[in-house]
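One structure below.
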Amino acid sequence: MRANGWWRTAAIYQIYIRSFADGDGDGVGDLAGLRARLPYLRDLGVDALWLTPWNVSPMADGGYDVADYRDIDPLFGTLADAEAFVAEAHGYGLRVLVDLVPNHCSDRHPWFREALAAPPGSPARQRFWFRPGRGPGGSLPPNDWRSYFGGPAWTRVADGEWYLHMFAPQQPDLNWEHPEVRAEFEDVLRFWFDRGVDGFRIDVAHGLMKTPGLPDVGASPDPADLPYQDHDDVHEIYRAWRRIADSYADPRVFVGEVWLPTTAQFIRYLRPDELHSAFNFEFLCCAWEPNALRKTIDDTLDTHRLVDAPPTWVLSNHDTIRHVTRYGREDTTFDLGNRRHGSPTDLSLGRHRARAAALLTLALPGGVYVYQGDELGLEEVEDIPLERIQDPTWERSEHTDRGRDGCRVPLPWTSSAAPFGFSPSPASAEPWLPQPASWSALSVAAQEPDPASMLQLYRTALALRRSALVSLPPDLTWLTTDDGVLAFRRGDGFACVLNLSTAPSRLPDHTSVLLASAPVTGGFLPPDACAWLAL
């Protein structure tokens, strides 16, 4: 049995720094803006904050192209600002996790610049995946791998060699077979742990190691056996990292971004000597449908029980379609490879379901993630002018995929005109992505005085979760219900009921309704609503 760490039941709030709060008026979120809004996060009732990359970066992919892992990008502030932020967050009782991007770095990283200046076969190139090409004169890529962002995963340099980048060309993959790469990142871990950071979210945690020889994928690849991900040797990396995390008096924490097709693959990353937890993408991608949701919940609990790891529950993040939009569509699933931009969406229905989904996730055992803006009921912004799109996916897909900018639009804080308090007034620049005029009604200032708002629902639910639910047993018991209704009990005194049918459903016997996503009338829960009951 693992130790009962804080992370097992934590409510963690994801901050996409560029879009949270702008303190200096340049139109981009920063540490000054974040520090000024820490009281808001304390009052929201979360336990920890997860920050997307804050390191020095050319921002070819929103900071996921790191040029210096030990410093803060000037766009966000300074190293001293980061240290002050961590201390202030701790003063508010908030833990801090930050993004670590180990699969690749920036093409501006000193190592890669050194590699480009060095000849083929040089030691500097061994830290990356440089290879000669195939075909006449080496004019073809070394293999058939495709970038996640579209196009070939290889770019040719002036001397004729090619280098691997599973994402954008500005993000060369590091060679984790090289001991200098492993030593470098172990030192980076200690650098930030020593400055009070409580843990890391590991980007592309499954992708660090590649199959020796870099073989072709082929015409009909097995999704569970791809040569650029989930190689067995990746687990020794995380065992080494775990030893470092556990060496601190207050042990540090790792959360993995692990997108893999099978449970057997996924669960190996959560063995007791590897990562502490990982994102539950099956739940995020699941349809708003009773059988699918129940199966996903059961599978999640069963899987994590095998290694005594806490399940996690998440509805949206910085890479996905916001769930208010997703739940307002006919197809309520999410597919990373087909975002279905522009699909007909009923935002009123989507917000109604999003309220219910919030109570469902917050009632389940384990940890939960809230992406910034979820608590405001923000939708995906699908009409960003083409000339304002920033995501490299847009160009790499030859303008067939608008990418992820729609879930990254800056938050609305006040009910005035844009930028809605995101930047100080007067600001020297407009927000880096445009905000919809309709977000005035969804701003923090508009929702705070309204007891029926999404923001107040989240605040109430997070407070109840902290005071009454996290101490309950880490399992649940399904209750017999009407068709299309899910209900479960945790312990002897709490139940959660979710009505996914098209008609009101009578609630099971209870002593009181603790909280509901929609009004309960005469003991009936309306469609697409969720209620917490005291039994």
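The values are calculated or read from the model by the stated rules, or taken from the named source; none is laboratory data. Source: prediction; values computed, not measured. Positions of Cβ are generated from backbone atoms using ideal geometry, with glycine treated the same way; all protein chains shown enter the neighbour counts. Note: accessible area is taken over every heavy atom of the protein model, side chains too, but ligands, DNA and RNA are not part of it. Shrake-Rupley method; radii C 1.70, N 1.55, O 1.52, S 1.80 Å.
The criterion of at least 3 residues that are open to solvent by less than 20 Å² (accessible area, probe 1.4 Å) and at pLDDT 95 or above is met, among helices (runs of 4 or more DSSP H) falling completely within the range 287-406, by 290-305, 323-326, 347-363.
Looking across SER415, SER397, one residue alone is hydroxyl-bearing (Ser, Thr, Tyr), within 27 Å of MET454 (Cβ to Cβ) and out of contact with any Lys or Arg (no Cβ under 6 Å at 6 or more places or on another chain). It is SER415.
The residues on offer are THR345, THR361, and the sole one that is within 20 Å of the chain's Cα centre (by Cα) and β-branched (Val, Ile, Thr) is THR361. Of all residues in the range 451-464, one or more are among the hydroxyl-bearing types (Ser, Thr, Tyr) and under 24 Å from ARG489 (Cα atoms).
Within this structure, ASP482 passes the test of being touching a strand residue (DSSP E or B) at 6+ places or on another chain (Cβ under 7 Å) and acidic (Asp, Glu). Hey, any hits in the range 68-90 for a residue that's open to solvent by less than 10 Å² (accessible area, probe 1.4 Å), touching a strand residue (DSSP E or B) at 6+ places or on another chain (Cβ under 6 Å) and assigned to a loop (DSSP other than H, G, I, E, B)? No, that holds for no residue. Of all residues in the range 59-83, those satisfying the criterion of being small (Gly, Ala, Ser) and in contact with a Ser or Thr (Cβ under 9 Å, 6 or more places away or on another chain) are ALA60, GLY62, GLY63, ALA67.
Screening ALA36, ALA3, ALA32, ALA11 for residues that are farther than 18 Å from PRO410 by Cβ and either modelled with pLDDT of 95 or more or open to solvent by less than 10 Å² (accessible area, probe 1.4 Å) (or both) leaves exactly one candidate, ALA11.
Does any residue of the range 146-160 turn out to be closer than 23 Å to ASP233 by Cβ, crowded, with 22+ Cβ neighbours inside 10 Å and not hydrophobic (A, V, I, L, M, F, W, C)? No, the range 146-160 contains no residue that is closer than 23 Å to ASP233 by Cβ, crowded, with 22+ Cβ neighbours inside 10 Å and not hydrophobic (A, V, I, L, M, F, W, C). In this structure, SER122 qualifies as of a type in the set (S, T, N, Q) and surrounded by fewer than 15 Cβ atoms within 10 Å (Cβ to Cβ).
Scanning the range 467-483 for residues being open to solvent by less than 20 Å² (accessible area, probe 1.4 Å) and part of a loop (DSSP other than H, G, I, E, B) gives a total of 0.
Residues are listed down the side, and each one gets a yes or a no for (1) among the aliphatic types (A, V, I, L, M); (2) within 28 Å of VAL513 (Cα to Cα):
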position: SER438; (1), (2): no, no
position: ALA446; (1), (2): yes, yes
position: PRO451; (1), (2): no, yes
position: ARG466; (1), (2): no, yes
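Filtering the range 325-339 to residues that are more than 14 Å from CYS407 (Cα to Cα) and touching an Asp or Glu at 6+ places or on another chain (Cβ under 7 Å) leaves only GLY328.
When the test is whether a residue is crowded, with 16+ Cβ neighbours inside 10 Å, over 26 Å from the mean Cα position of the chain (by Cα) and either touching a residue at least 12 places away in the same chain (Cβ under 8 Å) or outside any loop (DSSP other than H, G, I, E, B) (or both), LEU486 passes it.
Across the range 512-525, the number of residues qualifying as open to solvent by 30 Å² or more (accessible area, probe 1.4 Å) and assigned to a loop (DSSP other than H, G, I, E, B) comes to 3. The number of residues in the range 192-210 being within 20 Å of the chain's Cα centre (by Cα), in a loop (DSSP other than H, G, I, E, B) and surrounded by 23 or more Cβ atoms within 10 Å (Cβ to Cβ) comes to 5.
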